[in-house]
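Step one of this worksheet: look at the structure below.
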Amino acid sequence: MTKKDIVMKVSNDTNLTQIDVKKIVQRTLDTILESLEKGETVELRNFGVFKVKGRKGRLGRNPRTGEEVQVPEKRVVVFKPGLVLKHRVK
């Protein structure tokens, strides 16, 4: 499912125009992104939690040459599904 599919489904279910729904969906995603950029946790009840975690730097290996390379530390977004989401997907 793409963002366009979501917009069309919400538009059909709510009788709002696709343009209005697209603005709402995009603003929602932008707000989530802005919060994650600040390092904040985003909790959507019954859906799940998005948060930013730090990964430590480590020593890795180039699979082609076998040469050891330093992998720098980085921040990644993780998602933990909520209870309702877990049960509905099963």
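Cross-link reach is defined here as a Cα-Cα straight distance under 19 Å, omitting same-chain residues fewer than 8 places apart; for K22 the aspartates and glutamates meeting it are D5, D13, D30, E34. Within the shell defined by Cβ-Cβ distances under 14 Å, the residues around K80 carry a net charge of +3, with Lys and Arg each +1 and Asp and Glu each -1.
Between the labelled values [x] -0.32, -1.15; [y] -0.38, -1.04; [z] -0.54, -1.10, the entry that holds log10 I(q)/I(0) by the Debye sum over Cα atoms at q = 0.11, 0.22 Å⁻¹ as derived from this structure is [z]. Among the listed pairs K38/K90; K51/K86; K3/K86; K9/K51; K23/K53, those with a Cα-Cα distance over 25 Å are K38/K90; K9/K51; K23/K53. The chymotrypsin sites (Phe, Trp or Tyr not before Pro) of region 11-90 that DSSP puts in a loop, and whose beta carbon has at most 15 other beta carbons within 10 Å, are F47.
Going by alpha carbons, how many degrees (0 to 90, nearest 10) lie between the helix axis of 3-14 and the longest principal axis of the chain? It works out to around 30 degrees. Residue by residue through region 49-63, which ³J(HN,Hα) values in whole Hz follow from phi under the Karplus form 6.51 cos²θ - 1.76 cosθ + 1.60 (θ = phi - 60°), with glycine and proline marked x? Values per residue, Gly and Pro as x: 10, 9, 8, 9, 10, x, 10, 5, x, 8, 9, x, 9, 6, x Hz. The ranking of L36, L83 by Cβ neighbour count inside 10 Å, starting from the fewest, reads L83, L36.
The helix-based estimate of mean residue ellipticity at 222 nm for the chain, built from -39,500 (n - 2.57) per DSSP H run of four or more residues and divided by its residue count, is -13500 deg cm²/dmol to the nearest 500. Per-residue packing, averaged as other Cβ atoms within 10 Å, sorts the ranges 13-20, 59-66 into the order 13-20, 59-66, beginning with the highest. Taking GluC sites (Glu not before Pro) as candidate sites, keep only those in a DSSP loop with at most 11 other Cβ atoms within 10 Å, then name the longest stretch of the chain containing none of them. Answer - 1-66. Applying both filters, DSSP loop and at most 15 other Cβ atoms within 10 Å, to the trypsin sites (Lys or Arg not before Pro) of region 1-45 gives K38, R45.
Rule-based calculations on the coordinates, nothing more; no lab input. Owing to the predicted nature of the structure, the values given are computational and were not obtained by experimental measurement. Using ideal geometry, Cβ is built from the backbone for each residue, glycine included, and neighbour counts are taken over all protein chains shown.
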